[in-house]
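The values are calculated or read from the model by the stated rules, or taken from the named source; none is laboratory data. Since the model is a prediction, treat every value here as computed from it, not as a measurement. As a convention, Cβ positions derive from the backbone with ideal geometry for all residues, glycine included, and neighbour counts pool all protein chains shown. All accessible areas refer to the heavy atoms of the entire protein, side chains included, with ligands and DNA or RNA removed. Shrake-Rupley method; radii C 1.70, N 1.55, O 1.52, S 1.80 Å.
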Amino acid sequence: MKTSKWISDIISRREVTALPVMTHPGIELNGNTVRQAVSNGVVHCQAVRTLALRYDCVAASTIMDLTTEAEAFGATVTFSDDAVPAISGRLLPDAASIERLQVPSLEAGRIPQYLKASLLATRAVAETRHLPLITGCIGPFSLAGRLFDMSEIMILIYEQPAAAHLLLEKCTTLILKYCKALKMTGAAGVMMAEPAAGLLSDDDCLAFSSRYVKHIVDKVQDDSFMVVLHNCGNTGNCTHAMVTTGAAAYHFGNKCDMEEVIREVPPTSLAMGNIDPVSVFKDGTPEQMRTAVLDLLERMRNYPNFVLSSGCDTPPHTPIENIDAFFEALNEFNRR
């Protein structure tokens, strides 16, 4: 699939398209647990396929798991049947430990299962719905924060920037290898989750996130594979830095004003967002969802590169009725 044509077709369409980041509803519809889906590529693929068949999305997407690459480095992950995986403890106790850190192979941890999920889901959604698959990875700064501790790395970048850059280089090396492998599965792109970069100023985001993201974009993005840069931590403070990466699309969280941030996105790139995944998708009512979607769509009416989405991954136990209402409101708007 030519991703450049896919993007231009979306921009030229009269109707607004949608790509909410969600896999957990599919896991639950299939009667599986989060633990099973994040550990078994077949279960993961089945969840993606179930949602692709049920909802009219412009693409399918895999789980947004911010522990996979950290686990490959050796970090301890805690698992649950009904909650997303989480990093437990701190892998790197000090700056000296960064020197000793080895970049793992793609055989480490659950990476093989995620590659299997991408391979199987790419084929499944192409055969059943003729949809492209957007798979996922973590961003360099967010990965570094999970290895070194998020609070500690914020101190490290100011007190020992050379050590921080060394860690970021090692993180980038693994992510680049992983993205190349995901590309080989046939996926049309990768959504790179870099929420921790939203804690940085625009200048610091340029120095400690975007320069590394751009390196990956330059190596893997082409006419058959795109990078979607996700930063739900951005409140508008580092949109400029995000855009310097040259990613084909940008995914924004509900903390920012979508109408403001899209003005900084090139009109030939997609801007996705940003219905609150917790207060609206999970904890809201169908009527609240309808109101939120229609209000956002009305504000974004003059931006043809806008794609309706959740502000982040929709969490476990998100009511199906709310997801149905999301798409019903989109269809209502498009019929006007």
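Just the Kirkwood number for the stretch 162-305, please: inverse of mean 1/r across all distinct Cα pairs, in Å, one decimal. Don't skip to the answer; put the middle values down first.
Values: mean 1/r = 0.0622 Å⁻¹.
One over the average 1/r among Cα pairs gives 16.1 Å for the stretch 162-305.
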According to the square roots a ≥ b ≥ c of the eigenvalues of the Cα gyration tensor, what is the shape class of the chain, taking rounded for a/c under 1.5, prolate for a/b larger than b/c otherwise, and oblate for the remainder? prolate
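Between Asn30 and Asn331, how high is the FRET efficiency from 1/(1 + (r/R0)^6) when r is the Cβ-Cβ distance and R₀ = 22 Å? Nearest 0.05.
Values: r = 25 Å, r/R0 = 1.13.
Working from the Cβ atoms, E equals 0.30.
Could you do me a favour and compute the accessible area per residue for the stretch 72-121, 1.4 Å probe, result in Å²?
Values: 2450 Å² over 50 residues.
With the other protein chains kept in place, the stretch 72-121 gives 49 Å² per residue.
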With every protein chain left in place and a probe of 1.4 Å, what is the accessible surface of Leu199, to the nearest 10 Å²? 110
How many angstrom lie between the C-alpha centres of the stretch 219-250 and the stretch 4-77? 18
Hey, what angle do you get for helix 150-159 against the long axis of the chain, alpha-carbon based, 0 to 90 degrees rounded to 10? 60
Once amide H atoms are placed 1.01 Å from N in the peptide plane, what residues at a sequence separation of 5 or more from Ser224, or on another chain, have their amide H within under 5 Å of its amide H? Thr3
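Per DSSP H run of at least 4 residues, take -39500 (n - 2.57); add these up for the chain, divide by its residues and hand me the 222 nm value, nearest 500 deg cm²/dmol. Working shown, then result.
Working: 16 runs with 162 residues, N = 336.
The helix-only estimate for the chain comes to -14000 deg cm²/dmol at 222 nm.
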Among Leu115, Val84, Cys137, the residue whose Cα sits farthest towards the positive end of the charge dipole of the stretch 71-152 (+1 at Cβ of Lys and Arg, -1 at Cβ of Asp and Glu, taken about the Cα centre) is Leu115
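Give the ranking of His130, His317, His165, His215 by solvent-accessible surface, highest area first, calculated with a 1.4 Å probe.
Numbers: His130 155, His317 105, His165 40, His215 85 Å².
Most to least solvent-accessible, the answer reads His130, His317, His215, His165.
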By the rule of no other cysteine beta carbon under 4.7 Å, the lone cysteines of the chain are Cys45, Cys57, Cys137, Cys171, Cys179, Cys256
With a 1.4 angstrom probe the carbon and sulfur portion of accessible area for the stretch 238-286, in percent, totals 51
Please work out the FRET efficiency for the pair Asp295 and Ala108, using the Cβ-Cβ distance as r and a Förster radius of 51 Å; give the result to the nearest 0.05. 0.70
Relative contact order of the stretch 45-124, please, whole-number percent, based on alpha carbon pairs below 8 angstrom and at least 6 residues apart. 35
Which whole-number percentage describes the relative contact order of the chain, with Cα contacts under 8 Å and a sequence gap of 6 or more? 20
Within the accessible area of the stretch 99-188, what % is carbon and sulfur when the probe is 1.4 Å and the other protein chains stay in place? 54
Can you work out the FRET efficiency for the pair Thr173 and Arg90, with r the C-beta to C-beta distance and R0 = 35 Å, to the nearest 0.05? 0.95
Please list, in order, the residues from the stretch 310-336 whose amide nitrogen is less than 18 Å from a point placed 7 Å along the Cα→Cβ vector of Thr128. 320, 324
At 1.4 Å probe size, with every protein chain present, just tell me what the per residue accessible area of the stretch 169-285 comes to in Å². 34
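Calculate, in nm to one decimal, what Thr268 and His317 gain on full extension: separation in residues at 0.36 nm each, minus their alpha carbon distance. Could you put the intermediate results ahead of the total?
Values: separation 49, 0.36 × 49 = 17.64 nm, distance 3.55 nm.
Between Thr268 and His317, full extension yields an extra 14.1 nm.
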